[in-house]
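FYI, it's all coordinate maths here, none of it is from the lab. Because the structure is a prediction, the values reported are computed rather than measured. So basically every Cβ, Gly included, is an ideal-geometry build from the backbone, and we count neighbours across all protein chains shown.
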């Protein structure tokens, strides 16, 4: 069986559909949509624009995927929304394609959970195994690393980077880059240490976590300049993979604001 659709669903004959797809009542699939295999679309879902959704994904009622981005300089360019496999999008989730101001693409990885009301704006890049809790708002040009967790009602400012395995507390406004493995909470996001609980749950060993803790303490020490602390941390602990990723993240964003510990 290829596609099972409710009689009230509207599917463009130009849409490209995979195998074993379910489309519920009153859902609408636009001209330039591509759906992979084994996708379930509940009732009242709209998928439009140049949107690709990978196999095994599920979309709940009233989600709006691939509609025109909210950008004053968007002029109808054929930008894309590319969504990977096994993504769960709950009720009222919205995701927008890219713009010519950015890379013309919004890219979502695999195995992500987007809970009720989560929003991904234009030109974002979201990794794999990411969780956005209820009503998280992600502004344009944001990058979110693998295994990041964004708590309910948090708000991510445009152009911010969220490192892998970071956790953002509920109701937190993030206006600067959050380091990998960091724990940031608000109301105006500040670092409150490392996501140690999450890292332990994901199987990181004691030696790796000990090196990461030492690196964090050295980087954000009260004495010395941050740049000097970064050089020292890289020299002393850079052979550890997690520390190396942390240092690389900071170096790649050397000209950007970095979320700092609360003082």
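For segment 147-203, the Stokes-Einstein estimate of translational diffusion at 10 °C and a viscosity of 1.306 mPa s comes to 146 µm²/s, using the Kirkwood hydrodynamic radius over alpha-carbon pairs.
The Cα atoms of segment 199-252 define a convex hull whose projected area, averaged across directions, is 3.8 nm². Relative to the longest principal axis of the C-alpha atoms of the chain, give the angle of the C-alpha long axis of helix 241-252, reported between 0 and 90° and rounded to the nearest 10°. It is inclined by approximately 80 degrees. When you restrict to C-alpha pairs under 8 Å that are six or more residues apart and normalise by the size of segment 3-141, the relative contact order lands at 15 percent.
Binning all Cα-Cα separations of the chain at 5 Å, short to long from zero, yields these whole-percent fractions: 1, 6, 13, 17, 16, 14, 11, 8, 6, 4, 2, 1, 0, 0.
The angle between the Cα long axis of helix 226-237 and the main principal axis of the chain comes to about 90°, on a 0 to 90 degree scale. Calculated FRET efficiency, residue 72 to residue 173, Cβ-Cβ distance, R0 = 30 Å: about 0.85 to the nearest 0.05. Of all the C-alpha pairs in segment 104-162, what % are more than 18 Å from each other? Every Cα pair in segment 104-162 considered, those over 18 Å come to 19 percent. Mind giving me the FRET efficiency for residue 58 and residue 235? R0 is 45 Å, r the Cβ-Cβ distance, nearest 0.05 is fine. It comes to 0.40.
Potential lengthening of the chain between residue 255 and residue 6 amounts to 84.4 nm, from the contour at 0.36 nm per residue minus the alpha-carbon distance. A convex hull fitted around the alpha carbon atoms of segment 162-251 yields 92 Å³ per residue. For q = 0.10, 0.20 Å⁻¹, what log10 I(q)/I(0) does segment 3-141 give under the Debye formula with an equal point scatterer on each alpha carbon and no solvent? Rounded to two decimals, the profile gives -0.28, -1.16. In terms of its alpha-carbon gyration tensor, segment 1-66 comes out rounded; the largest-to-smallest axis ratio a/c stays below the 1.5 threshold.
Relative to the longest principal axis of the Cα atoms of the chain, the long axis of helix 206-219 makes an angle of roughly 70 degrees.
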